[in-house]
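Colleague: Following this message is one structure expressed as C-alpha cells.
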Amino acid sequence: MGKTLVLVGLAIAALGLVMMLGVPLGRLPGDFYVRRGSFTFYFPLATSIVLSILLTLALAFFPPLTDD
C-alpha cells in the first residue's frame, strides 16, 4: 500500500510539473466547447481519450493483487 501511495504521489507531481510547463491539459484540440448566449457546453473528448490511454499504459505495469 505504501509503494502505491508513493507512485500515485509521484504521478500527481509529474502532472503538476507538466501543467507548470504550459501543456494545455483539458483544452486539447478535439475537445468540444460551445457557447450560445447563456448556455455553455464543454465535452473533453480528446482529453478523455488521452487520459484513457495513459491510465491503461500505467495500469498495465501493475499486476493484479491476488492471493494465488
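The values are calculated or read from the model by the stated rules, or taken from the named source; none is laboratory data. Predicted, not measured: the structure shown is a model, and the values here were computed from it. Cβ atoms come from the backbone with ideal geometry, glycine included; neighbour counts cover every protein chain shown. The protein model used for the area step is the full one, side chains on, heavy atoms only, and it has no ligands, DNA or RNA in it. Shrake-Rupley method; radii C 1.70, N 1.55, O 1.52, S 1.80 Å.
Colleague: For the chain, with all protein chains present and a 1.4 Å probe, just round the carbon and sulfur fraction of the accessible area to a whole percent.
Modeller: The value for the chain is 75 percent carbon and sulfur by accessible area.
Colleague: While we're on this one: For residue 12, what accessible area in Å² do you get when you roll a 1.4 Å probe over the heavy atoms of the protein chains, rounding to the nearest 10?
Modeller: The accessible area comes out at roughly 110 Å².
Colleague: Output the 0 to 90 degree angle, nearest 10, between the alpha-carbon long axis of helix 2-20 and the longest principal axis computed from the alpha carbons of the chain.
Modeller: 30 degrees
Colleague: Another question about this same structure. How much mean residue ellipticity at 222 nm does the chain get from its helices, if each DSSP H run of length 4 or more adds -39500 (n - 2.57) and you divide by all residues, to the nearest 500 deg cm²/dmol?
Modeller: Theoretical 222 nm ellipticity from helices: -17500 deg cm²/dmol.
Colleague: Something else: What distance in nm separates the simple spin-label points at residue 36 and residue 58, each placed 7 Å from Cα in the Cβ direction?
Modeller: Label-label distance for residue 36 and residue 58, simple model: 3.6 nm.
Colleague: Give me P(r) over the chain, computed from all C-alpha to C-alpha distances, binned every 5 Å, as integer percentages.
Modeller: With a bin width of 5 Å, the distribution comes to 3, 13, 15, 20, 17, 12, 9, 6, 4, 2, 1, 0.
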